[in-house]
1. What residue among TYR57, GLY18, VAL43 has its Cα farthest toward the positive end of the dipole of the chain, where the charges are +1 on Lys, Arg and -1 on Asp, Glu, each on the Cβ?
2. Given that just one value was derived from the coordinates, which of (i) 42, 31, 23; (ii) 29, 29, 26; (iii) 31, 30, 23 is Cα extents along the principal axes in Å?
3. Express in nm, to one decimal, how much length is gained between LYS82 and ILE28 on full extension, taking 0.36 nm for each residue of separation and deducting their alpha carbon distance.
4. Which of TYR72, TYR36, TYR57 ends up with the largest GNM mean-square fluctuation for the chain, with Cα atoms connected below 10 Å?
5. Can you spot the aspartates and glutamates whose alpha carbon is less than 19 Å from LYS30's alpha carbon? Ignore those fewer than 8 places along the same chain.
6. Using the Cα centre as the reference, give the magnitude of the dipole from point charges on the C-beta atoms of the stretch 4-87 (Lys, Arg: +1; Asp, Glu: -1; all else neutral), rounded to the nearest 20 debye.
7. Tally Lys and Arg at +1 and Asp and Glu at -1 over the other residues with C-beta under 14 Å from the C-beta of HIS63: what net charge comes out?
8. Can you list residues from other chains, or at least 5 along the same chain, whose modelled amide H is less than 5 Å from the amide H of PHE61?
Amino acid sequence: MPTPEMLREYLEALENEGVFGNINGIIIGKPMNEKYYEEYKDVWRDVVNNAELPILYNVNFGHGTPRAILPYGAMAHVDAEKQEITLL
């Protein structure tokens with residue numbers, strides 16, 4: 001599990017490549033044992049620095065439990081109010 005400082009480095013590399021200017025939102029999985037949860041949120045908000053870009057935190061996929069699968073590259077509709085992710 002990367003430290004918050006390592007996460008910042010990774011995200012800054014993506015920001016430098018313009019990734020965050022070419023997406024419609026970000027879905028972030030639940031960290032293992034919720035370690036660094038608040039710190040990670042702070043890093044994401046600071047590096048992305050775009051209040052208009054929706055970021056969903058603590059979603060049950062990836063390494064945390066319970067686990068679900070979100071396939072890379074799949075188109076999805078996200079309804080944050082209903083807390084639903086629908087693969088298209």
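Since every read-out is calculated from the coordinates, none of them should be taken as a lab result. Predicted model only: the values in this text are computed from it and were never measured. When we count neighbours, we look across all protein chains shown, and the Cβ atoms used for this are built from the backbone with ideal geometry, even at glycine.
1. The one lying farthest along the dipole's positive direction is TYR57.
2. (iii)
3. 17.7 nm
4. Per the Cα network of the chain with a 10 Å cutoff, TYR72 tops the list.
5. GLU5, GLU38, GLU39, ASP42, ASP46, ASP79, GLU81, GLU84
6. Magnitude of the dipole: close to 380 debye.
7. That works out to +2.
8. LYS30, ALA68
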